Amino acid sequence: MNSSATSVLKLVDTQNTRRLILDSPRTINALSLGVIKDMLNAVHGLGKEHRCLIISSSSKNFSGGHNLKELKVDSQNKSLASEVFTLSSELMLSLKKARVPVIGLIDGAAFAAGCQLAASCDILLATKRSTFALSGIKLGLFCHTPAVAVGRCLPQKVTFEMLCTGDAISAETAFNYGMVNKVGENVEDIEKMCDELVSKICCYDAEVIAMGKKEFYNQMSKLSEDEAYRSATPVMEENADLNVCQTGISKFFEKKKH
């Protein structure tokens with residue numbers, strides 16, 4: 001196991017995973033510009049040995065969102081807020097573009113950009129006490145960019161109510177709406193769920209999963225079902241031609257003979 005850290009973000013590499021741990025309890029794990037840059041570098045640095053990227057926190061909350069000090073516009077830092085929002089959006093997109101599944105482990109509050117980060121993960125595991133909110137409206141800041149990710153996980157009307165009220169929803173509610181994959185009693189539960197998921201994912205070919213993830217999000221972004229099929233069909237054909245697929249099919253028929 002290899003690990004490195006900044007003052008607020010820990011990076012831990014194991015044999016087949018990379019984990020990013022938000023570690024700034026004093027700021028409720030704020031997604032400061034420095035943290036965003038470090039996370040981007042970690043995502044871009046994923047190697048072939050990594051089969052999953054895991055994002056979690058070390059404290060009783062996941063993330064309260066952006067560092068508000070960096071959003072306070074004055075003559076000294078007029079461009080800082082712009083850089084924060086631009087790189088934050090780049091980070092969220094990089095998670096979708098990463099060739100490996102991104103698993104988010106949520107314990108506690110995931111608010112504003114923290115909720116955006118959670119929603120940008122491919123698979124989300126949360127403790128029962130976790131809550132999700134688009135709380136920017138309480139400060140006079142509509143959560144425009146967080147709504148991009150959250151609005152693709154939750155129904156539109158639910159997302160819009162969250163945007164307009166800042167009210168939080170529970171992990172169970174997020175699960176019922178499809179944003180959260182599984183809910184556990186505590187951190188130990190979701191860590192166990194995560195280990196099981198990683199073990200299953202590592203059983204299968206990395207190239208096939210990378211190809212599948214890329215096309216899944218590509219066709220999901222299409223405007224119509226017709227366009228989605230036109231996009232997915234040639235990728236399906238390409239996948240079927242791969243040696244790993246042909247070998248798997250052959251093994252299937254060999255088993256049926258016995």
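The values are calculated or read from the model by the stated rules, or taken from the named source; none is laboratory data. Predicted model only: the values in this text are computed from it and were never measured. For neighbour counting, all protein chains shown are included, and Cβ atoms are generated from backbone atoms with ideal geometry for every residue, glycine included. Protein only, heavy atoms only, side chains kept; ligands, DNA and RNA dropped before computing areas. Shrake-Rupley method; radii C 1.70, N 1.55, O 1.52, S 1.80 Å.
Kindly rank 84-97, 54-67, 226-239, 101-114 from highest to lowest mean number of other beta carbons found within 10 Å of each residue.
So the peptides 84-97, 54-67, 226-239, 101-114, ranked by packing, come out 101-114, 54-67, 84-97, 226-239.
So, counting K/R as plus one and D/E as minus one, what does the shell of residues with Cβ under 10 Å around Val235 add up to?
Summing Lys/Arg as +1 and Asp/Glu as -1 gives -2.
Quick one: helix 225-241 against the long Cα principal axis of the chain, what's the angle to the nearest 10°, folded into 0 to 90?
Taking the Cα atoms of the chain, the angle to 225-241 is about 50 degrees.
From the Cα trace of the chain, what convex hull volume per residue do you get, rounded to a whole Å³?
155 Å³
What is the helix-to-structure angle for 156-165, meaning the angle in degrees between its Cα long axis and the longest Cα principal axis of the chain, kept from 0 to 90 and rounded to the nearest 10?
Its long axis makes an angle of about 20 degrees.
Going by the alpha-carbon gyration tensor, a ≥ b ≥ c the square roots of its eigenvalues, is segment 52-117 rounded (a/c under 1.5) or, if a/c is not under 1.5, prolate (a/b greater than b/c) versus oblate?
Oblate shape, in that a/c is at least 1.5 and b/c is the bigger or equal ratio.
For segment 103-143, just list the percent of Cα-Cα distances falling in each 10 Å bin from zero outward, please.
32, 51, 17, 0
Show log10 I(q)/I(0) for segment 138-258 at q = 0.14, 0.16, 0.18, 0.21 Å⁻¹, two decimals, from a solvent-free Debye sum over equal Cα scatterers.
-0.93, -1.06, -1.14, -1.19
Compute from the Cα atoms of segment 66-205 the Rg and the Dmax, the latter being the longest Cα-Cα distance, and quote both in angstrom.
16.0, 54
What is the projected area of the convex hull of the Cα atoms of segment 15-80, averaged over all directions, in nm²? Intermediate results must be reported in sequence, preceding the final value.
Values: hull surface 21.0 nm².
Directional mean of the projected Cα hull area for segment 15-80 stands at 5.2 nm².
May I ask you to give the percent of accessible area on the chain that is carbon plus sulfur, with a probe radius of 1.4 Å?
55 percent
Helix 187-201 sits at what angle to the longest principal axis of the chain, using alpha carbons and giving 0 to 90 degrees rounded to 10?
On a 0 to 90 degree scale, this one is about 40.
Would you mind getting the Kirkwood hydrodynamic radius of segment 79-118 from its Cα pairs, rounded to one decimal in Å? Present the calculation step by step, with values, prior to reporting the outcome.
On the way: mean 1/r = 0.0878 Å⁻¹.
Computed over segment 79-118, the radius equals 11.4 Å.
Quick check: net charge around Gly104, other residues with Cβ under 12 Å of its Cβ, Lys/Arg +1 and Asp/Glu -1?
Taking every other residue near Gly104 into account, the sum is 0.
Short version: what are the Cα gyration tensor semi-axes of segment 137-206, square root of 5 times each eigenvalue, largest first, in whole Å?
Working: eigenvalues 179, 43, 23 Å².
That gives 30, 15, 11 Å for the three semi-axes.
Quick one: net charge of Ser221's neighbours, Cβ under 10 Å, K/R +1, D/E -1?
+2
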